[in-house]
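First up is the structure itself, then whatever we jot down about it.
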Amino acid sequence: MSQYLPIRFVDVRLEGDFWRERLDTVLKRTIPSQHAKLGEYGLLESLKLPQPPPPLRFPRHANGFTVQVFWDSDIGKWIEAASYALSHRRDAEIEAKIEAVIDDFERAQAPDGYLNCWYLGREPEKRWSNLRDNHELYNAGHMLEGAIAYYETTGRRRWLDVMERYVEHIRKTLGPGPDQKHGYCGHQEIEIALIKLYRLTGEKKHLDLATYFINERGKQPPHFFDVEREEREKKGWEFQRYTQGNYEYSQSHLPVREQTKVVGHAVRAMYMYTAMADLAAELGDAGLRQACETLWDDVMETKMYVTAGLGPSAHNEGFTYDYDLPNQTAYAETCASVALIFWAQRMLHLDLNGKYADTLELALFNGALSGLSRDGEHYFYANPLESNGSAERWAWHTCPCCTMNVSRLVASVGGYFVSRADDGIAVNLYGGISTTIETAGTRVALRETSNYPWSGDIRIAIDPETDARFDLKLRIPGWCRGAKVAVNGQAVTGTPVNGYLTINRVWQKGDVVTLDLPMPAERIYAHPGVIMDVGRVTLKRGPLVYCVEEVDNPGGRVQRLRLPRSSQIRITPRDDLFDGIVTLSADAVAIDESDWSTLYRTTPSREGKGTLTALPYYLWANRGQGSMVVWIPEA
Ligand SMILES: [Zn+2]
C-alpha cells in the first residue's frame, strides 16, 4: 500500500468556525497570558542565573524534589506553542518576547554546550547525576522542539544553533562508549525531539541518538537508574524518591520491544510510544511496530476513558490495572490525551487505519480540549468524569506542563486533518480546512467545508491543476453508521476498508465530493469490568462525548438524575451557548432530597419527573462551579 504521510500544519488553513474560534483564542489570549504567567511565577527569571541563586519558589519536597527542575521545559514548550501560533499570524510583540528568552538561554549556555538553567544556576557539580528524576533530557527535548518550531516559522536559526550545540554535548555525554553514561531520561520526550531534528536536518546522527535512548531503555542488569543511584549514594546526594526501584513508572522495567502492557506514568508512556512508532517508520523496524500495536490494543481494550482520558491514578499520574476507570477521581492528565494524539498520528502513518484516527479525534475533541477553558486562560490538569461541584479550572499550576501542551496542540491542529501519498490524499478529520497537496504529479487544491462537529454534512472541493488519477481516501468514522458519499452528485458505492472509503478516478477541476455522516445521539455503555460504570450510560453524538452539568440542570447536584432507557434523546441546536453548540436533552427521573433528615433510612427516596440536559464534555466548568457527570445512572 502507498505510504501516507502527514502534511505540515502550516500548509493547512483552518476555515471552519469550530477550530477558527479555538485558534483565535489561543493566538489572542492563551499565548500572551502564558508568557505573563511564566514571568509572574519566576520561570523567566530562572534563566538569568544570578549568583547566589534566589530562594526556591517551590521548596523541595521531603524527598528532595522540586518542580523547578523542569522549568526549562515549560519555557521551551511555550516557545513551541507561540511559534505555531505565529505561523498563522506574525506578531512582533510575541516574537520580541521569544527573542528575549533566547538571549537568556544563549547567555546561560556553558562553553561545552550544556544548557540546563537549574543545574547551571544551582547545582553545577551535579549535572547528569540523576536522569531518573530530574528531567535533564526531557527539558532538552522540549527546548529542542521549541527551537525547531521557531526556526520553521521565522527562519531564524539562533535558538536552533544553541540547541544543536547542546545536542552535541548530549551526544558526547550519553552513548555506548566506554567514557559515556549508558543512560536515558526518566521522563521520555527527547526521543521525539531528536527525530524531528533528524527530519529537519537530514543528519542521521540525531536519529541514531533517539534510537540509542529507546534501545537502551530497560536493559538490565545493571539497570542504569541503579548505577547512577549508587554513584549518588557514594556522594551523599541520594534522596528516597518514590520512583526508586519503580521502573514501571518510567516504562524502564523491560526493554521496550518486550513491553506488552501499558504501565506507569501516562505522559511518559505516550511520549515513548510516539517515539517508538516514529522509529518503527523511519527504521522499518518490525519489532518496534509490533510492540506499538500490542501496547495500542492494551490501552484501547482496558485502560482508556470514554473521553480518551488516560491514567486513572493521581499517585503515579498514570495507569493502574485493567478496567480501573474511576470517574470522580480520574486523573486523566491533559498532557496524556495530547500525547495520545501524537501517538495515534504516528500509528496512523504506519498503517492508514481509521481506528487510529478515531482515537485521535476522540482525544482531540474530548480529553485534550477539555484542558483549555473557553476564555483561553484557564486550565484543567486532571480531567475527571464526575464532580461533586468542587472542581474548578485554574489560571496556573505549580506544574504547568498541561497549559502549553494544549496550546501547542490547538495552534498546530491543522496538521492532523489530511495525509498525502504519491498517489493519493487521505482526509482524516473534518471541520473546515483548505490546503494544497502535491500528488500524482500535480498540485491539488482541497477545500473541505462543514459545520463539523455539530453537523456531518461535508463538502469537499477537489481542484487539481491538471487532470490526474489518484485515490481520495475519506475516513468514515467508527462511530458513524449509514454514511453516504457522492461525487458531483453521483452516489459512490463501495465499502470502507480499515475505516477509509477509497475513490479512485481521474479528478478534474471543479469536482465536488459530498459526505453525509449521520449524527444521531447515542447511548454508550462500558464493559461491565469497569465497575464504576455498571448501570450507567453516557451520551455521545458524532465525536463528542456529553456530560450533564448543574448549571443546565438546576435543582441540586446532577447525581440525583437518572435516565430511563425508554427516554428519547432530543438534539437541540443552541445558538445562544458558546457561539453555538448542540445540546442533548431527555426526560429523566429525579430523586427528591427534600424529605430526608437522616443519613440512612428504610424507605427509598421519592422520585419525580425531570429533564436532563447535556452539553459536550470539553465545555464543562466554563460557567462557574457545579456538579457534573459523564456516566448517568439508567432507570
Ligand atoms: Zn500535564
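How long are the three semi-axes of the equivalent ellipsoid for the chain, computed from the Cα gyration tensor as the root of 5 times each eigenvalue, in whole Å, largest first?
39, 33, 23
Net charge of the neighbourhood of ASP298, taken over other residues with C-beta under 12 Å away and scored Lys/Arg +1, Asp/Glu -1, is -2. Each residue of segment 69-79 was assigned a 3J(HN,Hα) from its phi angle through the Karplus expression (A = 6.51, B = -1.76, C = 1.60, θ = phi - 60°), giving 5, 10, 4, 4, 5, 5, 5, x, 6, 5, 4 Hz with x at Gly and Pro. Translational diffusion of segment 518-635, estimated by Stokes-Einstein from the Kirkwood radius over alpha carbon pairs at 25 °C in a medium of 0.890 mPa s, is 162 µm² per second.
What the Kirkwood sum gives for segment 32-187 is a hydrodynamic radius of 16.1 Å, with every pair of different alpha carbons counted.
For segment 63-186, the fraction of 1.4 Å probe accessible surface lying on carbon and sulfur atoms is 49 percent.
Tell me, Kirkwood radius of segment 83-130 from alpha-carbon pair distances, in Å? It is 12.7 Å.
Each principal axis of segment 109-257 carries a Cα extent, and these read 45, 38, 28 Å when sorted largest first.
Per residue, the solvent-accessible area of the chain (1.4 Å probe, heavy atoms of protein chains only, all protein chains present) comes to 38 Å². Computed from point charges on the beta carbon alone (+1 for Lys and Arg, -1 for Asp and Glu), the dipole magnitude for segment 5-164 about its Cα centre is near 260 Debye. Could you tell me which of THR598, VAL487, PRO255 has its Cα farthest along the dipole of the chain towards the positive end, charges placed at Cβ (Lys, Arg +1; Asp, Glu -1), taken about the Cα centre? In the chain, that residue is THR598. Computed over protein heavy atoms with a 1.4 angstrom probe, the accessible surface ordering of SER370, SER87, largest first, is SER87, SER370. Here the Karplus relation 6.51 cos²θ - 1.76 cosθ + 1.60, evaluated at θ = phi - 60°, turns the backbone of segment 116-122 into coupling constants of 9, 5, 4, 5, 4, x, 10 Hz, with x for every Gly and Pro.
Solvent-accessible surface (1.4 Å probe) assigned to ASP351 amounts to roughly 40 Å². Value of Rg to Rh for segment 414-458, rounded to two decimals, is 1.01; Kirkwood radius and Rg both from alpha-carbon coordinates. How would you classify segment 354-441 from its alpha-carbon gyration tensor, with a ≥ b ≥ c the square roots of the eigenvalues: rounded for a/c under 1.5, else prolate if a/b is greater than b/c, otherwise oblate? Prolate.
Work out the P(r) tail for segment 1-53: percent of alpha carbon pairs separated by more than 15 Å, whole number.
69 percent
With the Kirkwood sum run over all distinct C-alpha pairs, segment 250-325 has a hydrodynamic radius of 12.6 Å. Computed with the Debye formula from one identical point scatterer per Cα of segment 457-597, without solvent, the log10 of I(q)/I(0) at q = 0.18 Å⁻¹ comes to -1.10.
Of the residues ILE571, ILE170, ranked by 1.4 Å probe accessible area with the largest first, the sequence reads ILE571, ILE170. So for the chain, taking the charge dipole from beta-carbon charges (+1 Lys/Arg, -1 Asp/Glu), which of PRO564, GLY535, VAL513 sits furthest toward the positive end? Going by the Cα projections, it comes out as PRO564. Taking all protein chains as they are arranged and a probe of 1.4 Å, the heavy atoms of ASP322 leave approximately 60 Å² accessible to solvent. In a reduced charge model with +1 at each Lys and Arg Cβ and -1 at each Asp and Glu Cβ, segment 497-618 shows a dipole moment near 420 debye about its Cα centre. Under the convention that each Lys and Arg Cβ holds +1 and each Asp and Glu Cβ holds -1, the size of the dipole of the chain around its Cα centre is about 300 debye.
Here, segment 538-601 has an Rg and a Dmax of 14.5, 46 Å when only alpha carbons are counted. Write down the percent of antiparallel bridges among all DSSP beta bridges whose residues are both part of the chain, to the nearest 5. Bridges in the chain that DSSP calls antiparallel: roughly 95 percent. Counting only protein chain heavy atoms and rolling a 1.4 Å probe, the accessible areas of LYS97, LYS609 rank, largest first, as LYS609, LYS97. Given a 1.4 Å probe and the protein chains as shown, VAL10 ends up with an accessible area of around 60 Å². For the chain, the residue among SER585, ILE524, TYR138 whose Cα projects farthest onto the positive side of the dipole built from Cβ charges is SER585. Entry note, the chain: the mean residue ellipticity at 222 nm calculated from DSSP H runs of n ≥ 4, each adding -39500 (n - 2.57), is -10500 deg cm²/dmol after division by the residues and rounding to the nearest 500.
Couplings for segment 410-422, taken from phi via the Karplus curve 6.51 cos²θ - 1.76 cosθ + 1.60 with θ = phi - 60°, read 4, 5, 10, 4, x, x, 9, 6, 9, 10, 10, 10, 5 Hz in order; Gly and Pro are left as x.
The values are calculated or read from the model by the stated rules, or taken from the named source; none is laboratory data. Since this is a predicted model, take the numbers as computed values, not measurements. FYI the Cβ positions are ideal-geometry reconstructions off the backbone, even for glycines, and counts take in every protein chain you see. Side chains included, ligands, DNA and RNA excluded: accessible areas come from the protein's heavy atoms. Shrake-Rupley method; radii C 1.70, N 1.55, O 1.52, S 1.80 Å.
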